[in-house]
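Q: The structure's right below; bear with me while I get my questions together.
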Amino acid sequence: MCGIVGYTGRDQAVTYLLEGLRTLEYRGYDSAGVEVVGADGALHGVKCAGRVAALAERCETANLVGTTGIAHTRWATHGAPTDRNSHPHRDCSGRIAIVHNGIIENFRELRSYLQRNGHELASETDSEVIAHLIEEAWRGPAKGDLVAAVRNACRRLEGSWAIAAVCADAPGEVVCARNGSPLVVASAEGGAYAASDVTPLASVTSHVIQLENGQIARLESNGRVTVYDEDGAPVAHPATLDIDWDASAATLGGYSDFMAKEIAEQPEAIERLLGGRLGEKGIYLDELSMSQADLAAIDRVYLIACGTSYHVSLIARTLIQTWAKVQVVCDYASEFNYEQDVMVTPNTLCVIITQSGETADTLTAARRMRGMGCRVFAITNVLGSTAARESDGTLYVQAGPEVCVASTKAYTAQMVAAALLALRLAEARGEMDHAEVERHYRDLCALPNLIREVIGRSWQDKQAAPLFRRAHSALFLGRGVNSTTAYEGALKLKEISYLHAEAYPAGEMKHGPIALLEPGFPVVAIVPEDRVHDKTVSNIQEVIARGAVCVAVATDGDEAVASLVEHVLWIPPVPDELLVPIVAVVHLQLLARYVARARGCDVDKPRNLAKSVTVE
Ligand code: G6P
């Protein structure tokens, strides 16, 4: 949610800044802007509504010569996505500029205060106040020290922020501050760098500093990076992180879009996650950092997540309850945070599931649980993310950087991670013997090849896509674990094709959604060979009787379904019906992508969305 970058060094700043924005664009793409401290001692900036590509075009004709600068790509919160509201924002003198990711909750009070004191604010954003507060401090108590000025300004802020600031009177310096929103800095060949996450830094270094809340960093053009604590004392050993993937992992590598690439990467991601997880003693999940006795004592599991990760939690609930026989509660983080009926026992385990590890609602929920004395375990994809750092244990799903805003490979990998957790709990609680655990593990190991088969059948999704092209709405139906597959399929379609889609447990359709059906209405039914197969077939019949056009996800050889529906998306037989969602969803990812492309949508950067939602 908003991406920021900063650079000071020997090279032209605008080159790194624009490249950095391109790799961070998945965090928001309502507007973009760049500000450089020019060789003439003044700030020079360009900013505009729209994408980084539009900004880059404008930069070609602008005079952005300078080796220090900051840049921003925006996901609008306060103020429309206009040129005026784009970052960077300047102070009254035009000599200080800032970029900000987060929300300044007390910005109204600060705006009134600043206006009363003669400041002129040019935008409707909450962020602009930061530039003016730095200006006040710079002129006053900070006496021309940018670090002190930023610290002074931050003391007056409430909310969350990652900030990078430059000042024309402090050339060769970028000052960054963090509270709540992620920010990493690095000293590398060519200078000192800052970014919202490691993606833009992977091409220049494999070693970064992760700023902690309250810390401020000074980046100097000789490459030096100094981190200060809230009181201004230098931090001798700031938290560091080694980036373990090379920069090419976040490039298209021959694919037309990141969604296609990430769908294709699912089998390898799951293989990486499963590799070496079964030993003589059972499932290896040391990341839990819990003794056998503590695991055995768990009497309730809270699964908390948002978006696609929330759908993982629904599958995880079934796996944990079925295999480990522990009661599970699932909740959207944004709902959980305001619920009053949270029931925690001394043996409750909280599991947060978050691809980015930075989703604000999920982090707030985890903090709330910790505050209630609960152990928090994170399932995440991003190394060193806030979720990982603030949890008692972390399982990294190792899916590699996920760039497409709509999650695909993290979804399937997170479901597999949840299955490992369920097995580990089942084992610790004596609900499964070694042979059973081994059988389930083997079933999980079969998944990558089954997914490969589905990907090899993507032509089936391509053929089905025209059925949705002119539709205004679609209904997704499934039962049991595959009601979740229906939710995720509908979410994927809405996210990237802007086609309204609703998901319902198939048996519930007759209590309402059936009224939507009319001739030609597209319905996607997930109907694999499982215990509820025949019931779902009956629901398909009800749909077809109303003239709806049905596309079914069915198991190879299911002639009963094939003879009923317009189109079948075939899946190979899956050894355990509880694992079908991990295979079946791949068809729905592919289908959503083909429909979105047929409707002319940008599959990687759907409108209004952002990959990492760092505001509540
Ligand atoms: C955003 C993304 C979704 C994602 C959700 C939760 O809405 O667009 O793809 O599922 O955030 O993100 P998380 O990183 O916590 O899994």
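Q: Would a scan of region 432-445 turn up a residue that is of a type in the set (Val, Ile, Thr), under 25 Å from Ala592 (Cβ atoms) and either more than 15 Å from the ligand (Cβ to nearest atom) or open to solvent by less than 20 Å² (accessible area, probe 1.4 Å) (or both)?
A: No, every residue in region 432-445 fails to be of a type in the set (Val, Ile, Thr), under 25 Å from Ala592 (Cβ atoms) and either more than 15 Å from the ligand (Cβ to nearest atom) or open to solvent by less than 20 Å² (accessible area, probe 1.4 Å) (or both).
Q: Tell me, please, whether a residue that is open to solvent by less than 40 Å² (accessible area, probe 1.4 Å), within 16 Å of the ligand (Cβ to nearest atom) and touching a Phe, Trp or Tyr at 6+ places or on another chain (Cβ under 8 Å) can be found in region 572-585.
A: Yes, region 572-585 has at least one match.
Q: Okay, moving on. Being in contact (Cβ under 8 Å) with a residue 40 or more places away in the chain, in contact with a helix residue (DSSP H, G or I) (Cβ under 6 Å, 6 or more places away or on another chain) and part of a helix (DSSP H, G or I) is the requirement here; does Pro581 meet it?
A: Spelling it out, Pro581 is indeed in contact (Cβ under 8 Å) with a residue 40 or more places away in the chain, in contact with a helix residue (DSSP H, G or I) (Cβ under 6 Å, 6 or more places away or on another chain) and part of a helix (DSSP H, G or I).
Q: Please list, ordered by first then second residue, the pairs with beta carbon atoms under 6 Å, 6 or more apart or interchain, first in region 251-268 and charged (D, E, K, R), second open to solvent by less than 30 Å² (accessible area, probe 1.4 Å).
A: Close Cβ pairs (under 6 Å, with a partner that is open to solvent by less than 30 Å² (accessible area, probe 1.4 Å)) amount to Asp257/Val603; Asp257/Asp604; Glu262/Glu402; Glu262/Cys404; Glu262/Thr408; Glu262/Lys409; Glu265/Lys409.
Q: Can you find even one residue in region 291-307 that is β-branched (Val, Ile, Thr), within 16 Å of the ligand (Cβ to nearest atom) and touching a strand residue (DSSP E or B) at 6+ places or on another chain (Cβ under 9 Å)?
A: Checked region 291-307: at least one residue is β-branched (Val, Ile, Thr), within 16 Å of the ligand (Cβ to nearest atom) and touching a strand residue (DSSP E or B) at 6+ places or on another chain (Cβ under 9 Å).
Q: Tally the residues that are in a helix (DSSP H, G or I) and either touching an Asp or Glu at 6+ places or on another chain (Cβ under 8 Å) or surrounded by 12 or more Cβ atoms within 10 Å (Cβ to Cβ) (or both), restricting the search to region 113-125.
A: Within region 113-125, residues that are in a helix (DSSP H, G or I) and either touching an Asp or Glu at 6+ places or on another chain (Cβ under 8 Å) or surrounded by 12 or more Cβ atoms within 10 Å (Cβ to Cβ) (or both) number 3.
Q: Residue check: is Pro573 assigned to a loop (DSSP other than H, G, I, E, B), more than 25 Å from Arg469 (Cβ to Cβ), under 34 Å from the mean Cα position of the chain (by Cα) and of a type outside the set (Asp, Glu)?
A: Against the criterion (assigned to a loop (DSSP other than H, G, I, E, B), more than 25 Å from Arg469 (Cβ to Cβ), under 34 Å from the mean Cα position of the chain (by Cα) and of a type outside the set (Asp, Glu)), Pro573 qualifies.
Q: Within region 382-400, track down each residue that is open to solvent by 20 Å² or more (accessible area, probe 1.4 Å) and assigned to a helix (DSSP H, G or I).
A: Arg389, Glu390
Q: Could you go through region 513-521 and let me know if any residue there is open to solvent by 10 Å² or more (accessible area, probe 1.4 Å), within 16 Å of the ligand (Cβ to nearest atom) and not β-branched (Val, Ile, Thr).
A: Looking for residues that are open to solvent by 10 Å² or more (accessible area, probe 1.4 Å), within 16 Å of the ligand (Cβ to nearest atom) and not β-branched (Val, Ile, Thr), one finds none in region 513-521, hence no.
Q: Search region 95-118 for residues that are closer than 22 Å to Cys176 by Cα and among the small types (Gly, Ala, Ser) and pair each with any residue that is open to solvent by 10 Å² or more (accessible area, probe 1.4 Å) and in a strand (DSSP E or B) when their beta-carbon atoms are under 8 Å apart and the residues are at least 6 apart or on different chains.
A: Matching pairs, first to second residue: Ala97/Leu43; Ala97/Gly45; Ala97/Arg90; Gly102/Gly159; Gly102/Ser160; Gly102/Trp161; Gly102/Asn179; Gly102/Gly180.
Q: Of all the residues that make up region 497-512, how many are more than 16 Å from the ligand (Cβ to nearest atom), part of a loop (DSSP other than H, G, I, E, B) and open to solvent by 10 Å² or more (accessible area, probe 1.4 Å)?
A: 1
Q: Within region 456-491, take every residue that is touching a Pro at 6+ places or on another chain (Cβ under 8 Å) and open to solvent by 40 Å² or more (accessible area, probe 1.4 Å) and give me the one that is farthest from the ligand (Cβ to nearest atom).
A: Leu467
Q: Another question, then. Conditions first: (1) part of a helix (DSSP H, G or I); (2) open to solvent by less than 60 Å² (accessible area, probe 1.4 Å); (3) within 30 Å of Cys404 (Cβ to Cβ). Lys494 passes all but one, so which condition is the exception?
A: Every listed condition holds for Lys494 apart from (2).
Residues are listed down the side, and each one gets a yes or a no for (1) farther than 23 Å from Asn179 by Cα; (2) among the aliphatic types (A, V, I, L, M); (3) touching a residue at least 12 places away in the same chain (Cβ under 8 Å); (4) more than 13 Å from the ligand (Cβ to nearest atom):
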residue: Val342; (1), (2), (3), (4): yes, yes, yes, yes
residue: Leu383; (1), (2), (3), (4): no, yes, yes, yes
residue: Ala413; (1), (2), (3), (4): yes, yes, yes, no
residue: Leu423; (1), (2), (3), (4): yes, yes, yes, yes
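Q: How about region 385-394: which of its residues are within 14 Å of the ligand (Cβ to nearest atom) and under 21 Å from Tyr284 (Cβ atoms)?
A: The answer is Ala388, Ser391, Thr394.
Q: Looking for something open to solvent by 10 Å² or more (accessible area, probe 1.4 Å) and within 13 Å of the ligand (Cβ to nearest atom) - is there at least one such residue anywhere in region 344-351?
A: no
Q: All but one of (1) among the hydroxyl-bearing types (Ser, Thr, Tyr); (2) more than 9 Å from the ligand (Cβ to nearest atom); (3) modelled with pLDDT of 95 or more hold for Ser407, so report the exception by its number.
A: Status for Ser407: all satisfied but (2).
Q: What number of residues within region 353-381 satisfy the criterion of being open to solvent by less than 10 Å² (accessible area, probe 1.4 Å), farther than 23 Å from Lys261 by Cα and within 8 Å of the ligand (Cβ to nearest atom)?
A: 1
Q: Restricting to region 126-141, give me the number of residues that are surrounded by fewer than 24 Cβ atoms within 10 Å (Cβ to Cβ) and closer than 22 Å to Asp83 by Cα.
A: Residues that pass the stated criteria total 1.
Q: Confirm whether His78 is under 32 Å from the mean Cα position of the chain (by Cα), within 28 Å of Val52 (Cβ to Cβ), at pLDDT 95 or above and not aliphatic (A, V, I, L, M).
A: Against the criterion (under 32 Å from the mean Cα position of the chain (by Cα), within 28 Å of Val52 (Cβ to Cβ), at pLDDT 95 or above and not aliphatic (A, V, I, L, M)), His78 does not qualify.
Q: Can you pull out every residue in region 591-616 that is open to solvent by 10 Å² or more (accessible area, probe 1.4 Å) and away from the ligand (no atom under 13 Å from the Cβ)?
A: Arg593, Tyr594, Arg597, Ala598, Arg599, Gly600, Cys601, Asp602
Q: Give Val403, Val437, Val454 a once-over and let me know the one that is in contact (Cβ under 8 Å) with a residue 12 or more places away in the chain and part of a loop (DSSP other than H, G, I, E, B).
A: Answer to the selection: Val403.
The values are calculated or read from the model by the stated rules, or taken from the named source; none is laboratory data. Since we're looking at a predicted model, the values are computed, not measured. Using ideal geometry, Cβ is built from the backbone for each residue, glycine included, and neighbour counts are taken over all protein chains shown. Ligands, DNA and RNA are stripped out before the accessible areas are found, and what is left, the full protein with its side chains, is counted by its heavy atoms. Shrake-Rupley method; radii C 1.70, N 1.55, O 1.52, S 1.80 Å.
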